[in-house]
Structures are given as structure tokens and as C-alpha cells.
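The values are calculated or read from the model by the stated rules, or taken from the named source; none is laboratory data. Note that the structure is predicted; figures quoted are calculated from it, not measured. Quick reminder, even Gly has a Cβ in these numbers, built from the backbone with ideal geometry, and neighbours come from all protein chains shown.
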């Protein structure tokens, strides 16, 4: 690693004893990046920025929050009404959770489209799935903290799912609750873990970055750089691109915070938690709706497996299947640009995920269309759930074996130079 090019004696003095500036220059400035990355690659850095925003606002909110079943709801109201800019901190944190999932979901589907899970990036992909699981756990525990109606009953319903696990299920639920019902011990546990998990996520993100810089970035063509002519330094070329993406993202983020702060929220959560009054519909946050739909779609037993346990298994399997995706996909071509059949089924998967989200947001026995008595959301959920697992477990391996991909370019530079005259000039020379 070369020393940082700076005239500052202080920086040189520190770097000779602790080469942190040399490391930063090598990994954040000189890091060779494929020259054809598009704006879909912005979402990785956006996710890291949102994580920092969430941690900063969360620490400040924790200074005023009281993890007590009798005081939690009032402490949130005090943050909103009496603390200087407390309303802004809470709205940034509350909407930041949704923004975080939007960015990470786009980042995940970008990886699916461009084959970023394939060799040699299997471990990088798996670490990313671990981050997603930790995010879900953190978000769920954070949703409980306001101690409103939806918080209380959401905690009751979701934690009760573990009771379906044979032998140890009830013991797990009792441990999660800290007793025999959702109450103050539950709130204290969830608050402690909600505060701890973001630091755990940050640590896994660092490991994710180390794995990324070891295996190098994928690119839209899905081919490896053939030499220096296929790469450019990360700074300033991609930092400028990231700054632009960040500016657009912050405008959207600010629009929700200032003009529609409760767009992603549930009105029932502004009602104090009441164990004696169950809400008509218990609906999780939007980013959990597809998994919730899978859970509710299983209303039948299979052999000796009860419906509740099967639903829980499939709900968790819908995430865990992503861990083994690098080995399910048998195609040697990464990018969907050169895989015409896979590309069509990829977009069908997107539609399926949206449909699952819609199913999760509606009562299972409600009609999808008025006048069509036989078409209910639970039926749509069953079909969408079946396709989700069929896509990963059957279609992805099968397409990899049967599909004939389009020819790959010889290098990253070839499509860029094609048609510009640069290639012809090089040949004539």
C-alpha cells in the first residue's frame, strides 16, 4: 500500500505509527472498481448511510425513552411534544426504518438480477442475508417500543408463533416474554436488544465490506475485469455518483418526514396498549407483509405437521432459501442481461413479492374482487407462496441447465468502446 499523498506532517506522523490513512486511501479512494457500474450500485452505500442515521437518531431517542409498561407510551408522547425537535428525531427514525428496508430490498433484487451471489461472492451474499435477518429482528423489536395497540398485539402474535416449535416452543415464548404474558419484562428485553442489534449489524456490515473488497465488485455485465483498462478508481468517479444518489434519496426521505410522516404507520399505534382490547386487524409493518402472507396462507396440515408449524417453517424458509441460492443457480452466466429466460422469471418474482405484500395487508377471507366469491386473498396467497418456492427450488436450477445465454463480451471495455470508433482506431493502429 502506498502512503497517502499529503503534505501534512501530522497525518504522516500518525500514518507511520498507525497506517489508517494509507488503508483509507487504498480501500476508499484507489480501490479499483469496474468502469461500467450503474446507479443500481448506489444502494449499497445508501444502506450504510441510512444505518448511521438510524443509529444516531436511535441513541438520541434512547436518552428520553422510558422502557416501562406504564410510562413507555407517555415517554414517546413527551418526545413528540416537549423535547426540542423530538418530533423530528422520531419521524426520521420511524421513517428511516422503512427507507432502510426499501434500499436493502432494492440492493437485494439488484444482486438477484446481476448474479452477485455467484462464485466467488457466495460468502459475501450470505453475509448480506445475515444483515437482512438482523434488520428484521431489530425492526420488529423497535416496533414494540412505542407500546401502542399495534405494538402490543403485534408482539403478542409474532412471539406466539414460536410456540408451534415442538418440545422447546413454549419455553422460547416464555423466555421472550420474560414471563407468561407480554408485559414490562418483554418491553425491557426488546428495548435492550433493539439498542444492541444496530451495533451488531454495523459489525456485520464491516465484515460484508471486507468480503466485498476481497472478491471485488460485480458489474452489470457479470464478467470479471481483464486488466487495468476495465477498472477505474472508486474516487472521484463513484463517490460523485454516490453523492448524486444520496441527494435524490434525501429529498425523498425528507418528503416523507415532513409531509407524510405517518404514511408507513398504523393509526392504532397512537392508541395506548390495552391487553383487554384486541384490534380488529393485527397488521405488521409493510416490509414484513410478504412473510406474514406466507404464514397465513398455510391453513392445512401436511402429514403430521400442523398448519401453524408449517406456516412458521415456510415463513423462515422464505428467507433461508436465499442462503443456498448460490448453489441452486446452475448457470455459469451471472448477469440477467445475457439470460433471456431467467430475466422474464426474475420480473415474475418481483410481481409475486408485491402480490404477497398485498395478501399480507388484507384479511385472508376478504374478497379480492367484489362479485367473485371464490377468489379470496388466502387463495391468492397460497398460489403466490407456491410460486415463490417453486421459483427458487425448481425454476432457478432448471433454467440454469436448459437456458442458452447470449454471448458474453470479451471484456468490460468492449461494449463501451463498441460503436465509438475507438475500437477501430485501436485495430488500425
Going through 223, 201 one at a time, which residue ends up being assigned by TED's automatic domain parsing to the domain that holds residue 272 and in contact (Cβ under 8 Å) with a residue 12 or more places away in the chain?
201
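Per-residue answers, yes or no, for (1) assigned to a loop (DSSP other than H, G, I, E, B); (2) at pLDDT 95 or above; (3) touching a strand residue (DSSP E or B) at 6+ places or on another chain (Cβ under 9 Å):
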position: 397; (1), (2), (3): no, yes, no
position: 404; (1), (2), (3): yes, yes, no
position: 410; (1), (2), (3): yes, no, no
position: 414; (1), (2), (3): no, no, no
position: 420; (1), (2), (3): yes, no, no
position: 423; (1), (2), (3): no, no, no
Given (1) outside the structural domain of residue 259 (by TED's automatic domain parsing); (2) without any contact (Cβ under 8 Å) to a residue 40 or more places away in the chain, identify the lone condition not met by residue 52.
(1)
Which pairs have Cβ atoms under 7 Å, sit 6 or more apart or on different chains, and link a residue in region 72-85 that is assigned by TED's automatic domain parsing to the domain that holds residue 149 to one that is at pLDDT 95 or above and assigned to a helix (DSSP H, G or I)?
72/187; 79/61; 79/86; 79/90; 80/86; 80/87; 80/90
All positions within region 67-117 that are within 24 Å of residue 396 (Cα to Cα) and either out of contact with any helix residue (DSSP H, G or I) (no Cβ under 6 Å at 6 or more places or on another chain) or surrounded by fewer than 20 Cβ atoms within 10 Å (Cβ to Cβ) (or both):
105, 106, 108, 109, 110, 111, 112, 114, 115, 116
Count of region 118-132 residues which are part of a helix (DSSP H, G or I) and closer than 21 Å to residue 336 by Cα
7
I need the full set of residues from region 137-179 which are surrounded by fewer than 17 Cβ atoms within 10 Å (Cβ to Cβ) and closer than 30 Å to residue 78 by Cα, in order please.
137, 157, 178, 179
If residue 217 meets every condition in (1) within 24 Å of residue 68 (Cα to Cα); (2) part of a loop (DSSP other than H, G, I, E, B) apart from one, which number is that one?
(1)
Is it the case that region 21-39 has a residue that's surrounded by 13 or more Cβ atoms within 10 Å (Cβ to Cβ), assigned to a helix (DSSP H, G or I), at pLDDT 95 or above and at negative phi?
no
Near pairs, Cβ below 7 angstrom, 6+ apart or cross-chain, from region 249-273 (in contact (Cβ under 8 Å) with a residue 24 or more places away in the chain) to any residue that is surrounded by fewer than 15 Cβ atoms within 10 Å (Cβ to Cβ)
256/263
Exactly one of 198, 185 is at pLDDT 95 or above, within 19 Å of residue 48 (Cα to Cα) and part of a helix (DSSP H, G or I), and that residue is 198
